[in-house]
Amino acid sequence: MRINSIERVLIGTADLTAARERWSRAGFAVAPEEIRAGGVSFLRMAAGGVEIDLCAADADSSGRLADAVRHAVARGGAILGWVWGIAAESYDVSASAAVIALPAGRGTIVDASLLGATDGAPGLPGVFMAAADVMTSLEARRVNLRTLIGANANTVEYLEHIVVMTPVLDDAIAAHAAIGVPCKRIREVGNGTRQAFFKLEQTVIEVVGPARGEPGCWGLAFMCTDISRAVALVRASGMQATEPKTAVQGGRIARIVNPLDGVAVAFMEPPPAPAG
């Protein structure tokens, strides 16, 4: 199997109407209509070529995705996980594979090796993972999502990184290596905490361990073209945001003070291009 990208990120919420209002106030374009599939309703957003789906489960729905949504809602909302983009010809669909409906007019193949760690399956504890056939380029996906959903008023151009908390970092590194996503580097944070970094296209997966609390996805950082505009828009909508400051990676970073549906949200801006 060849993993090429992160195709979408899934966020669980109890109320899509309220979630639409929150994320719109933060400057994200939200698709005008909900889409229903497999007992789950979706509202679509985008960060470049990565789809961001707000998800709410029907009361009588069942299955892995619906169960993951309900678990997130019990925590006050949270990132469920993400869907890997794979090349179909590189994937051997076994009789044990399950298919979960997602709002793109196609099924998503889910295999035990790609699920969050449950019942002994490898993966990241507390993180829902799936895989979808993605044949188009990053730019083609970006253009398609911009056409379907619209431009983000906060100037978000792409998903820069996902932050995940995990109990045993070495297990997370091994789980990614097993599915062909190698660790790019490890950083010592201090007090026994380390960060492992993985990258697909423009998006970094930052896995931090050992987790001090419940494992799972913690936050999203979005790259903007104008971070000052993003912060001003958030504040004008009645939300609090920190002042932009220099980021460890270079450029600037600011954060929305209160999580959106349990998601810590940061805006980033790249450093200025070198003169000349």
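The values are calculated or read from the model by the stated rules, or taken from the named source; none is laboratory data. What you see is a predicted model, and the numbers here were worked out from it, not measured in a lab. For neighbour counting, all protein chains shown are included, and Cβ atoms are generated from backbone atoms with ideal geometry for every residue, glycine included.
Identification of strands (runs of 3 or more DSSP E) wholly contained in region 177-240 with 2 or more residues that are touching a Ser or Thr at 6+ places or on another chain (Cβ under 8 Å) and surrounded by 19 or more Cβ atoms within 10 Å (Cβ to Cβ) yields 203-209. Of the residues in region 229-245, at least one is out of contact with any Lys or Arg (no Cβ under 9 Å at 6 or more places or on another chain), farther than 30 Å from Ala14 by Cβ and not assigned by TED's automatic domain parsing to the domain that holds Ala14. Filtered by the rule that a residue be free of Cβ contacts under 8 Å to residues at least 40 places away in the same chain and aliphatic (A, V, I, L, M), region 149-173 gives a lone residue, Ile173.
Here's the yes/no breakdown for (1) at pLDDT below 70; (2) among the hydrophobic types (A, V, I, L, M, F, W, C); (3) out of contact with any helix residue (DSSP H, G or I) (no Cβ under 9 Å at 6 or more places or on another chain); (4) closer than 20 Å to Leu169 by Cβ:
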{"position": "Ala87", "(1), (2), (3), (4)": "no, yes, yes, no"}
{"position": "Val110", "(1), (2), (3), (4)": "yes, yes, no, no"}
{"position": "Leu124", "(1), (2), (3), (4)": "no, yes, no, yes"}
{"position": "Thr136", "(1), (2), (3), (4)": "no, no, no, no"}
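Considering only residues that are surrounded by fewer than 19 Cβ atoms within 10 Å (Cβ to Cβ) and either at pLDDT below 95 or in a helix (DSSP H, G or I) (or both), which ones fall in region 139-154? First the steps, then the outcome.
Applying the first criterion (surrounded by fewer than 19 Cβ atoms within 10 Å (Cβ to Cβ)) to region 139-154 yields 139-140, 143-144, 146-148, 150-151, 153.
Answer for region 139-154, where residues must be surrounded by fewer than 19 Cβ atoms within 10 Å (Cβ to Cβ) and either at pLDDT below 95 or in a helix (DSSP H, G or I) (or both): Glu139, Ala140, Val143, Asn144, Arg146, Thr147, Leu148.
With in contact with a Cys (Cβ under 8 Å, 6 or more places away or on another chain) and on the phi < 0 side of the Ramachandran plot as the only criterion, which of Ala211, Ala254, Ala247, Ala230 stands out? Steps first, answer last, please.
Working: Ala211 fails: in contact with a Cys (Cβ under 8 Å, 6 or more places away or on another chain); Ala254 fails: in contact with a Cys (Cβ under 8 Å, 6 or more places away or on another chain); Ala247 fails: in contact with a Cys (Cβ under 8 Å, 6 or more places away or on another chain).
Step by step, each of Ala211, Ala254, Ala247, Ala230 is checked, and only Ala230 is in contact with a Cys (Cβ under 8 Å, 6 or more places away or on another chain) and on the phi < 0 side of the Ramachandran plot.
Taking the criterion of being among the small types (Gly, Ala, Ser) and part of a strand (DSSP E or B), the residues of region 58-89 that qualify are Ala78, Gly81, Gly85. Looking only at residues in region 1-57 that are basic (Lys, Arg) and not in a strand (DSSP E or B), the one that is farthest from Arg146 (Cα to Cα) is Arg2.
Within region 4-18, if we keep just the residues that are among the small types (Gly, Ala, Ser) and farther than 21 Å from Glu157 by Cα, the residue that is nearest to the chain's Cα centre (by Cα) turns out to be Gly12. For beta carbons closer than 6 Å, sequence separation of 6+ or different chains, a first residue in region 215-238 that is acidic (Asp, Glu) and a second that is outside any helix (DSSP H, G or I) and surrounded by fewer than 20 Cβ atoms within 10 Å (Cβ to Cβ), the qualifying pairs are Asp226/Thr155.
Within the bounds of region 245-254, is there any residue that is of a type in the set (D, E, K, R) and either under 19 Å from the mean Cα position of the chain (by Cα) or buried (at least 20 other Cβ atoms within 10 Å of the Cβ) (or both)? No, there is no match, as no residue in region 245-254 is of a type in the set (D, E, K, R) and either under 19 Å from the mean Cα position of the chain (by Cα) or buried (at least 20 other Cβ atoms within 10 Å of the Cβ) (or both). Scan region 167-188 residue by residue and report those that are modelled with pLDDT under 95 and touching a helix residue (DSSP H, G or I) at 6+ places or on another chain (Cβ under 8 Å). Once the filter is applied, which keeps residues that are modelled with pLDDT under 95 and touching a helix residue (DSSP H, G or I) at 6+ places or on another chain (Cβ under 8 Å), region 167-188 yields Ala178, Ile179, Pro182.
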